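One structure is given below, encoded as structure tokens.
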Amino acid sequence: MIFLRYDIRGKYPKELNEKVMEQIGIAVGVKWKRVVVSRDLRPSGESLQNALVSGLTQNGVDVLVAPPAHFGLAWFNAFKAGRECLYITASHLPYDFNGLKFYHPDGTGFSVEELQEVYEWFEKAKPRKRGKVWNIDRSEEYMDFVLENFKSDKKVVVDFGGGATTLYVPKVWKKICEHVSFLHEEPDPYLKVRNPEPVPEALGKLKRAVKGKDLGVAYDGDGDRVVFLDDEGKFLSPEEVAVYLAREMHAPSIVANIDCSMLLEEALPDAEVYRVPVGHPYVTRACREKKADIGVESSGHFIITKYSYFDDGVLVSFALASELEEPLSSFRRKLPKYYKERFKFKVRDRKKTMEKLKKRLEKEYELNLMDGIKVEFEDAWVLIRPSNTEPVIRLTIEAKSKKRFEQLKKEFLKLLK
């Protein structure tokens, strides 16, 4: 199944190939007639891009083709052109996967309903008239925007992981930060030099390199997600980063997924924290509706709305380097400690399982049904959510004490097993 809730992804060429991508282009052309197309570095990217452009133009779409780039620069091209952005990538997945992300020029991703329209048209849309193709490259304007907003005198180590951020971002870093050094900055279409998902076990080299410096940065395969390490080589959670930025930027309001840590409310008592379901479309739309300053997802996506409503991990890394004053290790140690873990369970029927759990839990607890089933306590919370892409249910538990965490873990693991 390549048609997912928020994007398209599949293994190349078994699941996603040129024929499929061409038909996707024809389907998109039913409604959207002016788009920008770009891609990351994967070996299958160029041929899939050609197929997508062919399908789009067969249905009357005028296409602007941007050079390969990280997702943020691809979207910046679309923003400047006032067109939808179609970006060919599989993000953090291995090189033999690919996919397609859909974004509006205002930085919001296509809604679930909009993507459902595309999926329905995939089966029945037919070519009607020819569109035209031009090239676009606003990279120098992106550079100008960055130079106007960011400058850092800190010692920063950046791990590009051989992904799409290698194409232009090193040049930008050198312009805004005198004391920056790089890891895996050479393009690697096969993503062999480092796991394209910047998980702790993949970043040992960065962890060693950043000790004695001020900040470590690592991007995923297409640069929309970013993780940070402090001056001691310790990882900061997305919520810790959001708290630091909120304090330094005097940001009074934050949008966060329902599964983000309660650290946000605890560490920012004067801020308004708006909770939304898991998924970047919910965060970006809520940031607009609530006029929030920062958006954060537990997966490592961030939005800083004074710069854009798009979750460009690269821009966020520039912002953190520019705002950095107190050493991150000192900041981290002052924060309250929480115990948090996520568990995964395979199930035959996600919907039926969730219904059974709801009936059982509502007898004992008041439930938050915003996204899955959340039980909230004064000192802890438990969230049970079905996966959108696989026959799995995920259980997340967070508590203020180890004892409370173990108590809830025992109770809810028993319930789900």
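Taking only the stretch 246-270 into account, find how many residues are free of Cβ contacts under 8 Å to residues at least 40 places away in the same chain and touching a Ser or Thr at 6+ places or on another chain (Cβ under 6 Å).
Step one: of the stretch 246-270, the residues free of Cβ contacts under 8 Å to residues at least 40 places away in the same chain are 247, 250, 260, 264-265, 268-270.
With the extra rule that they be touching a Ser or Thr at 6+ places or on another chain (Cβ under 6 Å), the set shrinks to 260.
So the answer is 1.
Among (1) surrounded by 23 or more Cβ atoms within 10 Å (Cβ to Cβ); (2) outside any strand (DSSP E or B); (3) small (G, A, S); (4) in contact with a Cys (Cβ under 9 Å, 6 or more places away or on another chain), which single condition is S298 missing?
S298 satisfies all of (1) surrounded by 23 or more Cβ atoms within 10 Å (Cβ to Cβ); (2) outside any strand (DSSP E or B); (3) small (G, A, S); (4) in contact with a Cys (Cβ under 9 Å, 6 or more places away or on another chain) except (1).
Output the residues belonging to the stretch 379-392 that are within 21 Å of N257 (Cβ to Cβ) and either at pLDDT 95 or above or out of contact with any Pro (no Cβ under 9 Å at 6 or more places or on another chain) (or both). Show your work before the answer.
As a first pass, look at the stretch 379-392 and keep what is within 21 Å of N257 (Cβ to Cβ): 379-390, 392.
Selection gives D379, A380, W381, V382, L383, I384, R385, P386, S387, N388, T389, E390.
Here are some conditions: (1) surrounded by fewer than 18 Cβ atoms within 10 Å (Cβ to Cβ); (2) within 25 Å of A202 (Cα to Cα). S237 meets all but one. Which one does it not meet?
All conditions pass for S237, except number (1).
How many of the residues in the stretch 232-281 are more than 24 Å from I384 (Cα to Cα), in a loop (DSSP other than H, G, I, E, B) and hydrophobic (A, V, I, L, M, F, W, C)?
Of the residues in the stretch 232-281, 4 are more than 24 Å from I384 (Cα to Cα), in a loop (DSSP other than H, G, I, E, B) and hydrophobic (A, V, I, L, M, F, W, C).
Any idea which residue in the stretch 36-80 is nearest to R9 (Cα to Cα), counting only those that are surrounded by fewer than 21 Cβ atoms within 10 Å (Cβ to Cβ) and of a type in the set (S, T, Y)?
S47
Any idea how many residues of the stretch 169-181 are within 23 Å of the chain's Cα centre (by Cα) and either crowded, with 18+ Cβ neighbours inside 10 Å or closer than 14 Å to R42 by Cα (or both)?
Looking only at that region, the number is 3.
The values are calculated or read from the model by the stated rules, or taken from the named source; none is laboratory data. Only a predicted model underlies this, so the values are computations on that prediction, with no experimental measurement involved. Cβ atoms come from the backbone with ideal geometry, glycine included; neighbour counts cover every protein chain shown.
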